[in-house]
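Report on one structure; see the data block that follows.
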Amino acid sequence: MSREEITPHRKIFVANWKMNGTSSFAEAYGAFFREKYQDVPKNTFTIICPPAPYLKILHDAAQGIVLLGIQNTATERKGAFTGEISADMAADMGCRYGLVGHSERRHLYQENNTIVFEKAVRLAEAGITPILCVGETYEQREAGQTACILAQQLQGMGRLPLTQEVIVAYEPVWAIGTGKTPTPQNVQETHRTIHAILRAEGLSAIPLLYGGSVTAANAKDFVSLEEVQGVLVGGASLKCEEFLSIVQSIEL
Ligand code: PEP
């Protein structure tokens with residue numbers, strides 16, 4: 001997908017299954033989207049990030065109706081790194097998108113900005129668009145540090161050799177998997193802050209997503225905002241019907 005195809009009027013919907021699912025789940029999910037392809041609004045990108053072992057099953061079952069994303073890749077290109085998956089391998093499996101900097105990777109696996117940026121560069125080198133996740137914790141928010149934390153997480157991004165387009169996902173840590181969300185106005189303001197930080201990095205027209213407890217019931221509140229180019233969905237993406245409803249929220 002070229003940069004031109006991601007226009008401000010095409011909304012992006014990303015499903016992050018995390019470490020959930022089975023091969024039969026992946027097959028049924030892909031078959032569901034293939035059968036419902038006419039119900040997927042045309043001006044959307046639907047990107048599914050299953051666990052890596054299920055990429056091919058999903059790909060074959062969906063027959064090109066959804067785009068594939070990888071949840072995590074290595075900082076290294078190849079070699080003696082047992083258990084790791086390289087960006088080239090993900091590209092070889094058909095992935096066009098890759099998550100980096102997800103709060104679970106930052107907090108559970110101590111991935112700092114250096115690691116996050118290395119992974120983003122490896123993805124770009126492999127021809128995969130990085131979806132860079134940023135967001136503040138509850139304590140940071142309460143202390144009024146949100147803008148400062150986001151600036152830290154994005155600092156230096158403008159100097160990275162990212163050959164592909166990049167997508168940024170604003171995911172407040174306290175909203176992920178909790179059922180709590182910021183108000184649409186909060187998201188709007190924070191997205192403006194992120195755009196300003198990116199402009200200061202020399203980056204413009206970067207698509208910004210919102211993520212954190214998005215469901216079929218609240219998706220429209222976020223995707224209808226001009227500043228929000230789509231959503232990154234965890235828990236609610238595990239039900240294919242609900243994820244399709246979220247994608248359809250642009251038509252409500
Ligand atoms: C996520 O995994 O990035 C996420 C936003 O999860 P959830 O939708 O479950 O909050």
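Pairing each residue of region 232-249 that is under 18 Å from M19 (Cβ atoms) and open to solvent by 10 Å² or more (accessible area, probe 1.4 Å) with any residue that is part of a helix (DSSP H, G or I) and within 12 Å of the ligand (Cβ to nearest atom), provided the two are 6+ apart or on different chains, yields C-beta distances under 9 Å for A236/A219; A236/E242; A236/F243; A236/I246. Residues in region 74-118 that are charged (D, E, K, R), within 16 Å of the ligand (Cβ to nearest atom) and within 29 Å of A62 (Cα to Cα): E104, R105. For region 11-34, filtered to residues that are among the charged types (D, E, K, R) and more than 18 Å from D60 (Cα to Cα), the residue that is surrounded by the most Cβ atoms within 10 Å (Cβ to Cβ) is K11. The residues listed here are L58, L68; of these, the one that is within 23 Å of C133 (Cα to Cα) and more than 16 Å from the ligand (Cβ to nearest atom) is L68. Among the residues of region 228-252, those identified as touching a Leu at 6+ places or on another chain (Cβ under 9 Å) and within 15 Å of the ligand (Cβ to nearest atom) are V228, G230, V231, L232.
Is it fair to say S213 is crowded, with 22+ Cβ neighbours inside 10 Å and either closer than 20 Å to A62 by Cβ or within 13 Å of the ligand (Cβ to nearest atom) (or both)? Taking the combined requirement at face value, the residue does not satisfy it.
The values are calculated or read from the model by the stated rules, or taken from the named source; none is laboratory data. This structure is a prediction, so every number in the text was calculated from the model and none was measured. Quick reminder, even Gly has a Cβ in these numbers, built from the backbone with ideal geometry, and neighbours come from all protein chains shown. Surface areas here come from the heavy atoms of the whole protein model, side chains and all, with no ligands, DNA or RNA. Shrake-Rupley method; radii C 1.70, N 1.55, O 1.52, S 1.80 Å.
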